[in-house]
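Some notes on the structure that comes next.
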Amino acid sequence: MRGSVPRGAGGRRPGARTAGLPPWVFVPAAVAATLVALPVLGMLARVPWDRLPGLLTTDSALAALGLSLRTSVAATAIVVVLGAPLALVLARTRLPGLRVVRTLVLLPLVLPPVVSGLALLATLGRRGLLGARLEALGVDIAFSTAAVVLAQAFVSLPFLVLSLEGAVRTAGGRYEQVAATLGARPTTVLRRVSLPLLLPALGSGTALAFARSLGEFGATLTFAGSLEGVTRTLPLEIYLQRETDPEAALALSVLLVAVAVVVVLATHRTRR
């Protein structure tokens, strides 16, 4: 019949936005979305918006924000430089012991942050496995800005490795094999073929690592302490303000939420 729209299997129009899900699936999906959204909305409802600019521009808030941004950028750079090669090795090689390495690398995902901080302190603290030897050489890491960077890198590294390793496995190696057949050296193949293919995954993994570094609390507090201007990052400042000035803590929390939203949107856009 003229003007009729062709239908696919089941009488649905081609291209219709449906996955053929049973109706009951939407009930737990709505509950899950509410479970995440409701606390955030509750926090936003209690923020003193009229005092927000003043609360965000205090000396302690600006110092904590600046320190968080600097250390998060440094930690993310370390994660990218070290994590990208590690993800390639885990995805493309068959060396013995890689399963153990992968397990250890992903361990910070499930460890409580305080345990991660204790592990770093037991290794790099003044009486730690390596810290005592480093102190003899005049290098003191624990309870310094460097400790903040290491704590952030420790907990955020798995995010980049997991994201990039999955992308490498999904992409396969056919393009690299063709380039190698044409005589390209391994470094050239990596630079001209592999990295351009993996840029979206690298971008999303980098954004996730930065967001995780910016929000790190437990490992930083345990390994680096809370010294204003030295190790007191924005999450630590929020924790301290929660006891003395709850409104300031809410204002600083809104700032972290805004950064997280930007990172999530950027990650989703990069993956698309």
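The figures follow:
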item	result
Filter result (closer than 20 Å to Pro158 by Cβ, without any contact (Cβ under 8 Å) to a residue 60 or more places away in the chain and β-branched (Val, Ile, Thr)) within segment 208-258	none
Breaking point among (1) over 30 Å from Ala153 (Cβ atoms); (2) at pLDDT 90 or above, for Met43	(1)
Residue within segment 26-42 that is part of a helix (DSSP H, G or I), in contact (Cβ under 8 Å) with a residue 24 or more places away in the chain and not basic (Lys, Arg) present	yes
Which listed residue, of Pro39, Pro85, Pro113, Pro23, is of a type outside the set (A, V, I, L, M) and over 30 Å from Thr231 (Cβ atoms)	Pro23
Residue ID - nearest to Ala63 (Cα to Cα), chosen from residues in segment 231-258 that are of a type in the set (Val, Ile, Thr) and assigned to a helix (DSSP H, G or I)	Ile238
Some residue of segment 131-138 being assigned to a helix (DSSP H, G or I), surrounded by 15 or more Cβ atoms within 10 Å (Cβ to Cβ), charged (D, E, K, R) and under 18 Å from the mean Cα position of the chain (by Cα)	no
Residue pairs meeting the criteria (Cβ under 8 Å; at least 6 apart or on separate chains; first within 19 Å of Leu221 (Cα to Cα) and in contact (Cβ under 8 Å) with a residue 24 or more places away in the chain, in segment 53-78; second small (Gly, Ala, Ser) and surrounded by fewer than 17 Cβ atoms within 10 Å (Cβ to Cβ))	Ala63/Gly229; Leu67/Gly229
Residues located in segment 177-196, provided they are surrounded by 15 or more Cβ atoms within 10 Å (Cβ to Cβ) and either among the aromatic types (Phe, Trp, Tyr) or within 18 Å of Leu86 (Cβ to Cβ) (or both)	Leu190, Ser194
Leading residue by the ranking (surrounded by the most Cβ atoms within 10 Å (Cβ to Cβ)) among those in segment 107-130 that are closer than 15 Å to Gly218 by Cα, of a type outside the set (Gly, Ala, Ser) and in contact with a Ser or Thr (Cβ under 8 Å, 6 or more places away or on another chain)	Leu120
Residues of segment 116-152 classified as of a type in the set (Asp, Glu) and either in contact (Cβ under 8 Å) with a residue 12 or more places away in the chain or under 25 Å from Leu236 (Cα atoms) (or both), total	1
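The values are calculated or read from the model by the stated rules, or taken from the named source; none is laboratory data. In this text, all values refer to a predicted model and were calculated from it rather than measured experimentally. Positions of Cβ are backbone-derived with ideal geometry, glycine not excepted, and every protein chain shown enters the neighbour counts.
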